[in-house]
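What follows is a single structure, written as structure tokens, with notes after it.
The values are calculated or read from the model by the stated rules, or taken from the named source; none is laboratory data. Remember, predicted model here, so these are calculated numbers, not experimental data. Here Cβ is always computed from backbone atoms with ideal geometry, including for glycine, and neighbour counts include all displayed protein chains. The area values use the complete protein model at the heavy-atom level, side chains included, leaving out ligands, DNA and RNA. Shrake-Rupley method; radii C 1.70, N 1.55, O 1.52, S 1.80 Å.
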Amino acid sequence: MPDFGIESLAKYLHLSPHQVARLADRGKLPGRKVGGQWRFARADIHHWLEQRIGLDEDEIVDVQGLLRPTESEQEIVLAELLPVQAIAIPLEARTRASVFTAMVDLAEATGWLWDRAKMIEAIRAREELMPTAMENGVALLHPRRPMPNILAQALLALGISRGGIPFGGNRGALTDVFFLICSTDDRGHLRTLAKLSRLLCVPGFLESLRAAPDAPSAHALIAQTEATLP
């Protein structure tokens with residue numbers, strides 16, 4: 001797909017062309033000038049949006065609002081993307097590398113992932129580029145770009161370790177809750193990431209998820225909590 005220009009990116013971000021130009025001129029948007037005109041690579045814009053999901057900053061772009069479903073889109077339902085067989089409690093992994101393997105094995109067990117090796121390499125490369133572990137002990141593993149050629153459909157996997165694992169997050173915090181996001185398109189990936197971010201911010205949800213005794217209990221908790229989201 002072609003790069004965005006000022007006008008097309010403004011429409012995509014629900015901003016005015018003036019706002020987009022100002023953000024670009026101030027270095028707030030990833031872009032480059034070609035022949036004196038701003039151009040924005042779609043992959044860079046999606047990565048920029050991804051980094052802002054869940055941030056509690058005063059951003060000119062309302063990322064959560066931008067990613068609400070349009071009239072032609074269906075609501076993202078996390079519980080439908082996450083089959084019970086793609087949940088491991090406890091997650092039998094003790095190292096960063098074994099987390100990659102264990103999480104992809106869960107995705108493969110759904111029958112919706114066709115190339116285990118490619119997915120492992122893709123999420124490993126993404127983690128090398130920038131770790132997805134957060135200070136709350138959760139990591140949101142995913143490839144840098146969606147991989148529709150090896151997926152029957154978008155899916156999630158979840159693993160909860162009974163002991164934290166060093167996973168490259170900020171301040172050396174340990175990680176014990178791992179989501180794997182396997183998407184088939186950029187917007188679907190961003191919308192799934194945004195919905196997960198909202199779910200994780202529900203008071204008490206993470207504590208209850210960590211205390212879930214088994215996969216069915218965790219799945220039920222996710223479905224019940226998701227249903228309460230505005």
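State yes or no: is residue 162 under 29 Å from residue 13 (Cα atoms), touching a Leu at 6+ places or on another chain (Cβ under 9 Å) and either part of a loop (DSSP other than H, G, I, E, B) or basic (Lys, Arg) (or both)?
It is false that residue 162 is under 29 Å from residue 13 (Cα atoms), touching a Leu at 6+ places or on another chain (Cβ under 9 Å) and either part of a loop (DSSP other than H, G, I, E, B) or basic (Lys, Arg) (or both).
I need the full set of residues from segment 1-21 which are open to solvent by 80 Å² or more (accessible area, probe 1.4 Å) and either closer than 25 Å to residue 188 by Cα or at pLDDT below 90 (or both), in order please.
1, 2, 7, 11, 14
Could you check residue 39 against (1) part of a loop (DSSP other than H, G, I, E, B); (2) over 30 Å from residue 160 (Cβ atoms) and say which number it fails?
All conditions are met except number (1).
Which residue out of 209, 193 is within 18 Å of residue 80 (Cβ to Cβ), part of a helix (DSSP H, G or I) and over 12 Å from the mean Cα position of the chain (by Cα)?
209 is the lone residue from the list that is within 18 Å of residue 80 (Cβ to Cβ), part of a helix (DSSP H, G or I) and over 12 Å from the mean Cα position of the chain (by Cα).
Quick one: in segment 146-169, which of the residues that are modelled with pLDDT under 90 and more than 18 Å from residue 90 (Cα to Cα) is surrounded by the most Cβ atoms within 10 Å (Cβ to Cβ)?
Once the filter is applied, the top-ranked residue is 169.
Would you please list the contacts, defined by Cβ atoms under 7 Å and residues six or more apart or on different chains, that run from a residue in segment 215-230 that is under 10 Å from residue 87 (Cα atoms) and part of a helix (DSSP H, G or I) to a residue that is of a type outside the set (Ser, Thr, Tyr) and open to solvent by 40 Å² or more (accessible area, probe 1.4 Å)?
215/84; 216/84; 219/84
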